[in-house]
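Trainee: First the structure, which I've put down as structure tokens, then a few questions once you've had a look.
The values are calculated or read from the model by the stated rules, or taken from the named source; none is laboratory data. None of the values given here were measured: they were computed from a predicted structure. Don't worry about glycine lacking a Cβ; one is built from the backbone with ideal geometry, like all the others, and counts go over all protein chains shown. Areas reflect the complete protein model, heavy atoms only, side chains present, ligands, DNA and RNA absent. Shrake-Rupley method; radii C 1.70, N 1.55, O 1.52, S 1.80 Å.
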Amino acid sequence: YDQPCDKPTDGSLAPQWVIKQLSDHADPSTIWVSDVGQHQMWSAQLIDFEKPHSWISSGGLGTMGFGLPAAIGASVGSQRDFKGRKPVWLIAGDGSFQMTSEELTTAFLDHAPVKIAIINNNALGMVRQWQSLFYEGRYSNTDLMTESLPNFPKLAEAMGCVGLRATNEVEMEAAIQQALEINDRPVVVEFVV
């Protein structure tokens, strides 16, 4: 597989590189969940799955918003089925996360300490990609152009979770480390790519 996931040279964060870094820093027993979009494809290709029962994805029949409820279920279910809770990382896009973000409250109330990586490219990336490839560049509502709306860290904090943001390599390393150290509540990390 030759997907480009090299470290960017301009100080920015590339989505594939962020996902690879998450994989490299995660506990081998981590359960990985993806929402629906480009990040789903990159996650399936770039995460180092070391154990069975460690990948939850809607596959090709999914709908945006699948990820957070599935991650909560994985966290709660792993406590019952694996004699102790396994770490759970959700990889989501900024668009797909907004479909069910209100479920952060459910994660908090269910004591599901999921870690959520939002790969924020300010676009509905997969839909935009299809519009570019198959619809001759006729774009319809795929560029979110919001920069910091919603403010994902503040949204997380408003629902009892920890909210972090990373826009460069130094912030990314610190955010991943901090997220890995928090196990008493959900953590949302927005990676601006």
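Trainee: I'm trying to understand the selection: among the residues of region 49-81, which are over 18 Å from Pro113 (Cα atoms), of a type in the set (A, V, I, L, M) and crowded, with 17+ Cβ neighbours inside 10 Å? First the steps, then the outcome.
Mentor: So the first thing to find is which residues in region 49-81 are over 18 Å from Pro113 (Cα atoms), and the list is 49-53, 57-65.
Applying the additional criterion that residues be of a type in the set (A, V, I, L, M) yields 61, 64.
Answer for region 49-81, where residues must be over 18 Å from Pro113 (Cα atoms), of a type in the set (A, V, I, L, M) and crowded, with 17+ Cβ neighbours inside 10 Å: just Met64.
Trainee: Search region 25-48 for residues being touching a helix residue (DSSP H, G or I) at 6+ places or on another chain (Cβ under 7 Å) and in a loop (DSSP other than H, G, I, E, B), and hand back the single one that is farthest from Phe97 (Cα to Cα). Before the answer, list the steps.
Mentor: Restricting attention to region 25-48, the residues satisfying the condition of being touching a helix residue (DSSP H, G or I) at 6+ places or on another chain (Cβ under 7 Å) are 25, 31-39, 42-43, 46-48.
The next check asks that each one be in a loop (DSSP other than H, G, I, E, B); those that pass are 35-37, 47-48.
Values: Asp35: 8, Val36: 9, Gly37: 11, Ile47: 20, Asp48: 23 Å.
Step by step, filter region 25-48, then rank; the result is Asp48.
Trainee: So which helices (runs of 4 or more DSSP H) stay within region 77-142 end to end and still have 1 or more residues that are among the aromatic types (Phe, Trp, Tyr) and at pLDDT below 70?
Mentor: Correct list: 125-134.
Trainee: Among (1) open to solvent by 60 Å² or more (accessible area, probe 1.4 Å); (2) out of contact with any Pro (no Cβ under 8 Å at 6 or more places or on another chain), which single condition is Gly95 missing?
Mentor: Going through (1) open to solvent by 60 Å² or more (accessible area, probe 1.4 Å); (2) out of contact with any Pro (no Cβ under 8 Å at 6 or more places or on another chain) one by one, Gly95 breaks only (1).
Trainee: Any residue at all in region 154-171 that's among the acidic types (Asp, Glu), more than 18 Å from Asp24 (Cα to Cα) and either outside any loop (DSSP other than H, G, I, E, B) or open to solvent by 10 Å² or more (accessible area, probe 1.4 Å) (or both)? Spell out the reasoning first.
Mentor: Within region 154-171, the first condition is being among the acidic types (Asp, Glu), and the residues that meet it are 157, 169, 171.
Then keep just the ones that are more than 18 Å from Asp24 (Cα to Cα); that gives 157.
Applying the additional criterion that residues be either outside any loop (DSSP other than H, G, I, E, B) or open to solvent by 10 Å² or more (accessible area, probe 1.4 Å) (or both) yields 157.
Yes, the conditions are met somewhere in region 154-171.
Trainee: Hey, could you check region 4-33 for residues that are of a type in the set (Ser, Thr, Tyr) and either farther than 19 Å from Gly93 by Cβ or at pLDDT below 95 (or both) and say which is most open to solvent (accessible area, probe 1.4 Å)?
Mentor: Thr9
Trainee: Need pairs with beta-carbon distance below 9 Å; first residue more than 17 Å from Leu68 (Cα to Cα) and among the aliphatic types (A, V, I, L, M) and within region 11-39, second in a strand (DSSP E or B) and open to solvent by 30 Å² or more (accessible area, probe 1.4 Å); sequence gap 6+ or separate chains.
Mentor: From region 11-39, the pairs are Leu13/Val192.
Trainee: Looking at this structure, is Val18 within 15 Å of the chain's Cα centre (by Cα) and in a helix (DSSP H, G or I)?
Mentor: On the way: within 15 Å of the chain's Cα centre (by Cα): yes; in a helix (DSSP H, G or I): yes.
Taking the combined requirement at face value, the residue satisfies it.
Trainee: Just give me the residues in region 174-193 being free of Cβ contacts under 8 Å to residues at least 40 places away in the same chain, surrounded by 13 or more Cβ atoms within 10 Å (Cβ to Cβ) and either within 14 Å of Arg85 (Cβ to Cβ) or not aliphatic (A, V, I, L, M) (or both), in sequence order.
Mentor: Gln178
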